[in-house]
1. May I ask you to list the residues in segment A:55-97 that are of a type in the set (A, V, I, L, M), buried (at least 17 other Cβ atoms within 10 Å of the Cβ) and part of a loop (DSSP other than H, G, I, E, B)?
2. For segment B:242-275, enumerate the residues that are without any contact (Cβ under 8 Å) to a residue 24 or more places away in the chain and more than 21 Å from A:P225 (Cα to Cα).
3. Is segment B:153-167 home to any residue that is among the acidic types (D, E), buried (at least 19 other Cβ atoms within 10 Å of the Cβ) and under 16 Å from the mean Cα position of the chain (by Cα)?
4. Take the residues in segment B:1-54 that are among the acidic types (D, E) and closer than 24 Å to B:F172 by Cβ; name whichever of them is surrounded by the most Cβ atoms within 10 Å (Cβ to Cβ).
5. Quick one: A:L285 ticks every box in (1) at the interface with another protein chain (Cβ under 9 Å from one of its Cβ atoms); (2) touching a residue at least 60 places away in the same chain (Cβ under 8 Å) bar one, so which box is it?
6. Considering (1) more than 14 Å from chain A (Cβ to nearest Cβ); (2) crowded, with 24+ Cβ neighbours inside 10 Å; (3) touching a Gly at 6+ places or on another chain (Cβ under 7 Å), say which one B:S198 fails and leave the rest.
7. Among (1) of a type in the set (V, I, T); (2) modelled with pLDDT under 95; (3) part of a loop (DSSP other than H, G, I, E, B), there is one condition B:V168 misses while meeting the rest; what is its number?
There are 2 protein chains.
Amino acid sequence: MIERPYLIFLGDVPDKLAAKTAYGVVDWSREWCVGQLRLPGCQADTGLKDMTIAEAAEAGARTLIIGAVNPGGVLPEHWTSTIVEAIESGMDIASGLHVRLASVDAIREAAERKGVKLHDTRHADRRFATGKGTKRPGKRLLTVGTDCSVGKKYAALAIDRELNGRGVDSTFCATGQTGVMISGRGVAIDAVVADFISGAAEWLSPATEPDHWQIIEGQGSLFHPSFAGVSLGLLHGAQPDVFVVCHEPTRTKMRNVEAPISTIEAVIEETMRLGRLTNPAIAPLGISINTQALSEEDAKACLAEAEERYGLPACDPIRTGVANLVDRLLKEFVA
Amino acid sequence: MIERPYLIFLGDVPDKLAAKTAYGVVDWSREWCVGQLRLPGCQADTGLKDMTIAEAAEAGARTLIIGAVNPGGVLPEHWTSTIVEAIESGMDIASGLHVRLASVDAIREAAERKGVKLHDTRHADRRFATGKGTKRPGKRLLTVGTDCSVGKKYAALAIDRELNGRGVDSTFCATGQTGVMISGRGVAIDAVVADFISGAAEWLSPATEPDHWQIIEGQGSLFHPSFAGVSLGLLHGAQPDVFVVCHEPTRTKMRNVEAPISTIEAVIEETMRLGRLTNPAIAPLGISINTQALSEEDAKACLAEAEERYGLPACDPIRTGVANLVDRLLKEFVA
């Protein structure tokens, strides 16, 4: 559990993409953010009020969120003094970088001295049990994908928000480092020891009230040669009642590997086939398409074609919202 | 790489089952074992010559293998002095227990002082890349199963030995802690961080000569709700040309969960379907059945029925040997 409110630290990232985590948190949990802190040269701006550590502490910030990502997952050395200053003022630190915060001596020592927490959301240090596979009470939705990075997190967050807006009891369950920061809890499922993937998914979405919906962020793809094992373990542990297939229509090959992108149809079939092991009633709810690269007209045509082809509601969480998916959820999957 | 020869340490285990690792190593790598060391009260006996640490050191032992397993994976405190004595005499230590050897102060300190290696074969501390999924040179066989603990390791070891006996160039690739001790190398694939399962499998069975066979020990089952993710990641990373389905005919439900055992037929189908992602030419080679619980007559009938039903050679690696599987391999899968 990450304490809020947050101060969002952007460092001196060279562009918006390098602050992906920050934008995710601000897009979905702006109410938890008191402000942003940028170093000279920073080329990203989330629109939050710029603050110093002292101002943010004064405004009640409990955690400094490191909102930057970079290929190596490293922490630039010249960010250390700012992080230490946040610790000195009593803030916890949360990072989704690969490097552990405590591996930097100055940060570890300051945290020990001040008794604050260091959250490495990319790591999963908690111990899990192995998966049981037995059906547990409550309702579950899992977002799955034709590839990595096709909008599984955004779709899940949007559905959770739409359900809450309609007075339906639901919880977003984060399975990646950014999702953990957005929701303040969860587990980076791909960082769990392989034996415990489905056990971690069971821990993440435990038995609950029969009519409570857990909206679980998917990871990878059953057809991605690097990560299908993670996707399958998550599917088995999540034992979803329904799933939403996420897709990016302009992509032709999988991210970072020489494999063709899979089809929505294949993902529906395979998710049903494999998901039945722990939930025989598993069913597709709808399709979520990231149409960002398309014109308004092309996006509409793309969504209409998907609806026609698969007989399921299709949406873009950003462009159209997820009302049609939630309409169907409430009509067909809520008693 | 674990240095040999080995001294096998049995401690004071209460029965043969509690020394499963020791028996595995002695069954398959007896030529690497100079002797066994048993404490008073030990109820297991691998048949090796009993030796003290001093005698074993004199005989050239390079590594003390802790041959015991126990449910908690703990190291009994009264074994520490023997382990430290082995270290003092210059031996490395290898353990498949869950607890890390270095977590015991006396062991860590002795190892640092003497500069010997501590191998925790249940842990995978090496860093891996994520899987690439691209086809690499060499031939690969993977054993898969209808459940955990159905003989995947024994089948792979027996096939590797048979191939070597016939002059075919092959290597056994261990994916579990006992396999690592038997072969002196490998990785406990279920201890790898989830993101790197298939990457670790690719590391384990790298590009090799085109006619070299890597015989890869399988793990879990595509139908086991706790471990299917591991099995799938291993399948994708191993990209096998052929697979052998392992089965235990008297079992009715999966180990440790409330799930029915899957059928050989379902495993063949699913392995083909999912394995094609990284090797479109994947094919079943044969069936390996653990008939230990059956009479000679019933075992024969069981194997004959499987051959009839699936049109594939069936064997029990212990009772009948794997000659018929290797016959087919050489006839149909070697150019």
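1. Across segment A:55-97, the qualifying residues are A:A61, A:A68, A:V69, A:L75, A:M91, A:L97.
2. Answer for segment B:242-275, where residues must be without any contact (Cβ under 8 Å) to a residue 24 or more places away in the chain and more than 21 Å from A:P225 (Cα to Cα): B:T252, B:K253, B:E258, B:P260.
3. yes
4. B:E3
5. A:L285 satisfies every listed condition except (1).
6. (1)
7. (2)
Let's see how each residue does on (1) at positive phi; (2) of a type in the set (G, A, S); (3) at the interface with chain B (Cβ under 9 Å from one of its Cβ atoms):
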residue	(1), (2), (3)
A:D190	no, no, yes
A:A194	no, yes, yes
A:P206	no, no, no
A:H212	no, no, no
A:I216	no, no, no
A:V245	no, no, no
A:M254	no, no, yes
A:E258	no, no, yes
A:A266	no, yes, no
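The values are calculated or read from the model by the stated rules, or taken from the named source; none is laboratory data. Bear in mind the structure is a predicted one, so any value in this text is a computation, not a measurement. Glycine gets a Cβ as well: all are built from the backbone with ideal geometry, and neighbour counts include every protein chain shown.
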